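Only the coordinates and a few stated rules stand behind these numbers; no lab work does. It should be emphasised that the depicted structure is a prediction, and the values quoted were computed from it without experimental measurement. Cβ placement follows ideal geometry from the backbone for every residue including glycine, while neighbour counts extend to all protein chains displayed.
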Amino acid sequence: MKDKINLIKENALSSIKSIEKLEDLEQVRVKVLGKKGDLTLILREMGKLSKEERPIIGQYANEVRAEIENRISDKKIELEEKLNEIKIRTEKIDITRSINRFEMGHRHPLNETMEELENLFQRMGFSIIEGPEIETVENNFNKLNSPMNHPSRSTSDTFYIDEDTLLRTHTSPVQIRTMLAQKPPIRMVSAGRTFRYDEVDDTHSPMFHQIEGLVVDKGVTMANLIDTLNVFIKEFFGEDMETRFRPHHFPFTEPSAEVDVSCFNCHGKGCEACNYTGWSMELLGCGMVHPNVLRNCGIDPKIYSGFAFGMGIDRITMIKHGINNIRLLYDNDKRFLQQF
Ligand code: PHE
């Protein structure tokens, strides 16, 4: 019987030695020490032994049992430590790694154009003025010498808030605000949102953007206006770009002109985009400030003269980036905006 016990012990100890997984260790424990385990079954046969042999074998069996149990628990600790080590090694967190959770965006192409224009005029000595989008009828029309029957005043063209207040239809009321607030010499630009009762199509939106310019001083002439706009056009669109001033009418300037610029596609050579004229039409409106407008702002037209201009920022942005649909500027679709 002792031999049988020794055999079980040796088998158990050698298989415990070579075990690498906790599950296998448990299996050995069950096979040897479990209710139906080898050692347990042997001990059940103790009854067959003589009275003298029984305590000796019994004690021996208990020693063997204790030894196997010890080996199993040693092995268990060893395996658990190994497992822990592997865990520590593989589950290490590198807290210095950047996770790039925030994607940096950039300015909208419209704002970019607006700032580019402002910066350019600032370098030419203009200051930047901000005006409100909600304006008085007085500033938007009356003080700008617009007659009561002017079509732009009609409720089908303009968003009125009440009889005296509206969403400004152009940035020109900032001319008035500036002349009422400061004395000449004045040299300012002002960019921002403007509103007209337009149906949305590829080139129209009821909300769009303009930049306004105003210069008032002694002895300002049409030559100053033409030169300023020429410098601006060449700076902004390229040295080879020419301007053409066509007579026009605005109530707040006299004389008034509309300005065409060399075709952005062919730079004047003539192409399909410009109908072989070499010109891009109506980039901006301008003129010498009407004496009535100066007078409305308390500036004596006998002493001072001035020029003003206004242009659409949306159109310029579209030309600059080859965008053919104004809606794209307002959709806020990241797939479109990421390109710029
Ligand atoms: N306010 C005019 C428009 O919106 C443009 C303009 C500005 C014309 C200044 C002349 C002088 O069409």
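Entry note, the chain: relative contact order of 14 percent, from Cα contacts under 8 Å with a spacing of 6+ residues.
Taking other Cβ atoms within 10 Å as a rough exposure proxy, Ser205, Ser156, Ser190 sort from fewest to most as Ser156, Ser205, Ser190. Charges were assigned to the Cβ only: +1 to each Lys and Arg, -1 to each Asp and Glu. The resulting dipole of region 109-337 about its Cα centre is roughly 600 debye.
Can you name the helices of the chain, as whole DSSP H runs, whose Cα span along the helix axis is 20 Å or more and whose Kyte-Doolittle mean is not below 0.5?
Going by DSSP H runs, the hits are 222-237.
A straight Cα-to-Cα reach below 13 Å connects Lys75 with the aspartates and glutamates Glu20, Glu23, Asp24, Glu26, Glu67, residues fewer than 8 places away in its own chain not being considered. Sparse packing (at most 14 other Cβ atoms within 10 Å of the Cβ) combined with a DSSP loop state is found for the following GluC sites (Glu not before Pro) in region 53-94: Glu91. Annotation: extensible slack from Met46 through Arg244 equals 59.2 nm (criterion: 0.36 nm per residue apart, minus Cα-Cα distance). With 0.36 nm allotted per residue and the present C-alpha distance subtracted, the Lys21-Gln59 stretch has 10.6 nm of extension available.
For Asn325 and Arg97, a Förster radius of 45 Å and the Cβ-Cβ distance give a FRET efficiency of 0.60, rounded to the nearest 0.05. Considering only Cα-Cα distances, which of the following residue pairs are longer than 27 Å: Lys4/Lys31; Lys269/Lys320; Lys143/Lys302; Lys17/Lys92; Lys51/Lys76? Table pairs above 27 Å Cα-Cα are Lys17/Lys92; Lys51/Lys76. The length gained by stretching the chain between His108 and Glu78 to full extension, at 0.36 nm per residue less their Cα-Cα distance, is 4.6 nm.
Can you tell me the dipole magnitude for region 68-141 around its Cα centre, using point charges on the Cβ only (Lys, Arg +1; Asp, Glu -1), in Debye to the nearest 20?
860
Efficiency by 1/(1 + (r/R0)^6): what FRET value for Glu235 and Arg335, r their Cβ-Cβ distance, R0 = 30 Å, to the nearest 0.05? Computed FRET efficiency for Glu235 and Arg335: 0.40. Which stretch or stretches of region 173-190 have amide N atoms under 12 Å from the point lying 7 Å from Ile303's Cα along the Cα→Cβ direction? In region 173-190, the label zone of Ile303 (backbone N under 12 Å from the point 7 Å along Cα→Cβ) covers 183-185. A protection proxy built from the mean count of other Cβ atoms within 10 Å ranks the segments 117-128, 244-255, most packed first, as 244-255, 117-128.
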